[in-house]
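The values are calculated or read from the model by the stated rules, or taken from the named source; none is laboratory data. Here the structure is a predicted model, which is why all the values come from computation and not from measurement. Cβ sites come from the backbone with ideal geometry, for glycine too, and all protein chains shown count toward neighbours.
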Amino acid sequence: MTPSQLWYAAAVLLFVLEIITPGFVLAPIALGALAAGIGAELGATLQWQLGLVVLATGLGFVVVRPLLRRARPSSDTDGHEQTDVLLGRVAVVTQLITSDGVHGEVEVDSTPWSAVSLRATELHPGTQVRICGVESTTLVVEEVE
């Protein structure tokens, strides 16, 4: 197997692994391997091939990775998508939210959400609250006055 074929095989393997792993970490490295393969075909020495790997991988992390991360549709781990549409909505407390920051639960459109109090106040079940923020899959709420 020629050096260029080895680089191409590494690039393909890294691209395949990128598909099954999150984070867009392996794709820039695969681009580096692809660049080294092209360099090997053009007669570059091993030192130049390694330099191409480093250069193309660095460019991949700086340019390509942010583009791929932006293009990827976002969703939360619990399947709640586009949580920003919840801001300002009114919910009902279903499980006590304590003043010491322990999560309680609220319900929005028949969907339960973990919640904490914005003002470190105790919120009892049945209390109407307004959604002020979203931190991961936890809503930050305050009592509706």
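In table form, for the structure just shown:
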item	result
Selection from segment 45-59 of residues that are touching a Leu at 6+ places or on another chain (Cβ under 7 Å) and not β-branched (Val, Ile, Thr)	Ala56
Residues of segment 1-25 that turn out to be under 19 Å from Leu67 (Cα atoms) and surrounded by 18 or more Cβ atoms within 10 Å (Cβ to Cβ), as a count	3
Of all residues in segment 50-96 being modelled with pLDDT of 90 or more, hydrophobic (A, V, I, L, M, F, W, C) and more than 26 Å from Ile29 (Cβ to Cβ), the one that is surrounded by the fewest Cβ atoms within 10 Å (Cβ to Cβ)	Val90
Selection within segment 97-115 - closer than 18 Å to Val85 by Cα and touching a residue at least 12 places away in the same chain (Cβ under 8 Å)	Val106, Glu107, Val108, Thr111, Pro112, Trp113, Ser114, Ala115
